[in-house]
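The values are calculated or read from the model by the stated rules, or taken from the named source; none is laboratory data. Keep in mind the model is a prediction, meaning the values are calculated, not measured. Heads up, the Cβs are rebuilt from the backbone with ideal geometry, glycines too, and the neighbour counts pull from every protein chain shown.
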Amino acid sequence: MNSNEIKILAIESSCDETAAAVVVNGRDVRSNVISSQIALHTLYGGVVPEIASRKHIEKINQVIGQALSDAGMTLDDMDAIGVTYGPGLVGALLVGVAEAKAISYAKKLPLVGVHHIEGHISANYIENKDLEPPFLCLVVSGGHTHLVKVLDYGKYEILGKTRDDAAGEAFDKVARAIGLGYPGGPKIEKVAHEGNPHAVEFPHAKIVDGPYDFSFSGLKSAVLNYLNGCKMKNIPIVQADIAASFQKAVTDVLIGNAMKAIDEFGMDKFAIAGGVASNGTLREGMRAACEKKGVAFYHPSPIFCTDNAAMIGVAAYYDFMRGQRDGLDLNAVPNLKLGER
């Protein structure tokens with residue numbers, strides 16, 4: 001083993017994925033194991049926190065064992081443990097945090113608590129070895145929609161965020177309303193390919209006192225009102241057209257705010273992250289908009305967009321190198337803000 005290598009075991013359990021990974025020197029992912037609970041929660045049309053927590057308890061040791069085995073290493077090879085401690089579902093987070101603290105205590109390894117959104121941003125470092133701060137990043141997932149200026153590793157300035165629903169949450173709610181079920185994002189994207197994105201002109205929210213903020217609850221209500229109107233007037237509902245029109249309304253706003261920020265702050269690098277960043281329409285729209293401005297565009301592969309532990313290992317490495325260490329009093333913080341400690 002190279003003595004200059006910093007090997008981190010990372011754990012992620014903020015929602016409904018139990019994940020563990022081994023990351024070396026912040027950019028070299030040696031293993032990335034994810035146990036998804038999607039099939040389980042599909043029965044209920046969304047994530048049931050209590051069930052998610054129980055499933056994490058069942059799976060976590062197994063997932064960590066697999067991640068170490070895939071990397072050809074043991075706990076004795078690790079230099080630190082990185083774990084998501086917020087934001088997320090409190091019961092789910094507690095499982096990962098308790099596990100990380102137990103390993104840290106038993107093996108006398110440094111413990112590094114990682115912010116989940118910082119993990120998503122850091123996912124961009126895995127495949128883009130040339131990417132370094134400063135850059136702009138749009139984080140879009142089921143729980144978050146943030147436009148962030150990445151000033152340095154671990155240093156962030158939030159330019160805008162959603163005032164209500166996150167983009168991914170809106171996808172889930174609209175998918176349910178048009179009969180597609182859960183999870184909404186991939187299902188809407190798939191059906192939207194067959195629809196006309198200009199069939200229905202849904203509203204694009206603009207927030208006067210927050211030029212980079214987002215709001216998706218009005219858009220969600222507009223879709224529900226449109227569906228109700230169709231039912232009352234006996235107008236046939238074309239699922240693919242609604243999916244495509246809704247997706248266009250979301251991506252237009254995301255791209256619009258991002259490009260405005262690029263112009264204002266004169267940034268030449270732009271990245272996207274989070275579960276919704278695996279949406280092909282959003283990715284291609286962002287790529288085209290960045291190209292027009294001569295801005296370098298970065299995005300993680302879909303496997304690193306959805307919740308995973310590799311991204312947590314990357315973020316933990318940079319936090320660790322900056323000297324961050326957490327004690328055994330580290331706790332789950334379900335509403336943790338980016339930049340808080």
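Ala289 fails exactly one of the following numbered conditions: (1) surrounded by fewer than 20 Cβ atoms within 10 Å (Cβ to Cβ); (2) in contact (Cβ under 8 Å) with a residue 24 or more places away in the chain; (3) more than 22 Å from Thr162 (Cβ to Cβ). What is the number of that condition?
(3)
Given the conditions (1) surrounded by fewer than 24 Cβ atoms within 10 Å (Cβ to Cβ); (2) under 21 Å from the mean Cα position of the chain (by Cα), which single one is not true for Thr84?
Result: Thr84 fails condition (1) only.
For the stretch 244-266, indicate whether the set of residues that are in a loop (DSSP other than H, G, I, E, B), within 27 Å of Asn124 (Cα to Cα) and free of Cβ contacts under 8 Å to residues at least 24 places away in the same chain is non-empty.
Filtering the stretch 244-266 for residues in a loop (DSSP other than H, G, I, E, B) gives 266.
After this cut, where a residue has to be within 27 Å of Asn124 (Cα to Cα) as well, the list is 266.
Of the ones still in play, those that are also free of Cβ contacts under 8 Å to residues at least 24 places away in the same chain are 266.
Yes, some residue in the stretch 244-266 is in a loop (DSSP other than H, G, I, E, B), within 27 Å of Asn124 (Cα to Cα) and free of Cβ contacts under 8 Å to residues at least 24 places away in the same chain.
Name every residue in the stretch 289-341 that is among the aromatic types (Phe, Trp, Tyr) and either closer than 29 Å to Asn279 by Cβ or at pLDDT below 95 (or both), in order of residue number. Explain how you work it out, then say what you get.
Within the stretch 289-341, the subset among the aromatic types (Phe, Trp, Tyr) is 297-298, 304, 317-318, 320.
Phe297, Tyr298, Phe304, Tyr317, Tyr318, listed by residue number.
Could you grab me the full set of residues in the stretch 172-213 that are in contact (Cβ under 8 Å) with a residue 60 or more places away in the chain and assigned to a loop (DSSP other than H, G, I, E, B)?
Ile178, Gly179, Leu180, Gly181, Tyr182, Pro183, Tyr212, listed by residue number.
Does the stretch 98-126 hold any residues that are surrounded by 24 or more Cβ atoms within 10 Å (Cβ to Cβ) and more than 19 Å from the chain's Cα centre (by Cα), and which are they?
Listed by number, the residues that qualify are Ala100, Val112.
Quick one: Asn61 ticks every box in (1) in contact with a helix residue (DSSP H, G or I) (Cβ under 9 Å, 6 or more places away or on another chain); (2) surrounded by 15 or more Cβ atoms within 10 Å (Cβ to Cβ); (3) not in a loop (DSSP other than H, G, I, E, B) bar one, so which box is it?
Result: Asn61 fails condition (2) only.
Restrict the check to the stretch 116-129 and report whether at least one residue is of a type outside the set (Val, Ile, Thr) and more than 20 Å from Asn308 (Cβ to Cβ). Before the answer, list the steps.
Of the stretch 116-129, the ones of a type outside the set (Val, Ile, Thr) are 116, 118-120, 122-125, 127-129.
When the remaining residues are screened for being more than 20 Å from Asn308 (Cβ to Cβ), the result is none.
No: the stretch 116-129 contains no residue that is of a type outside the set (Val, Ile, Thr) and more than 20 Å from Asn308 (Cβ to Cβ).
Count, please, the residues in the stretch 292-320 that happen to be surrounded by fewer than 23 Cβ atoms within 10 Å (Cβ to Cβ), assigned to a helix (DSSP H, G or I) and hydroxyl-bearing (Ser, Thr, Tyr).
1
Provide a single number: the residues in the stretch 214-230 that are under 22 Å from the mean Cα position of the chain (by Cα), surrounded by 17 or more Cβ atoms within 10 Å (Cβ to Cβ), assigned to a helix (DSSP H, G or I) and not aliphatic (A, V, I, L, M).
Initial filter on the stretch 214-230 (under 22 Å from the mean Cα position of the chain (by Cα)): 214-217, 219-220.
Within this subset, residues satisfying the condition of being surrounded by 17 or more Cβ atoms within 10 Å (Cβ to Cβ) are 214-216, 219-220.
From the residues that got through so far, the ones that are assigned to a helix (DSSP H, G or I) too are 219-220.
Those still in the list that are not aliphatic (A, V, I, L, M) too: 220.
Summing the residues that are under 22 Å from the mean Cα position of the chain (by Cα), surrounded by 17 or more Cβ atoms within 10 Å (Cβ to Cβ), assigned to a helix (DSSP H, G or I) and not aliphatic (A, V, I, L, M) in the stretch 214-230 gives 1.
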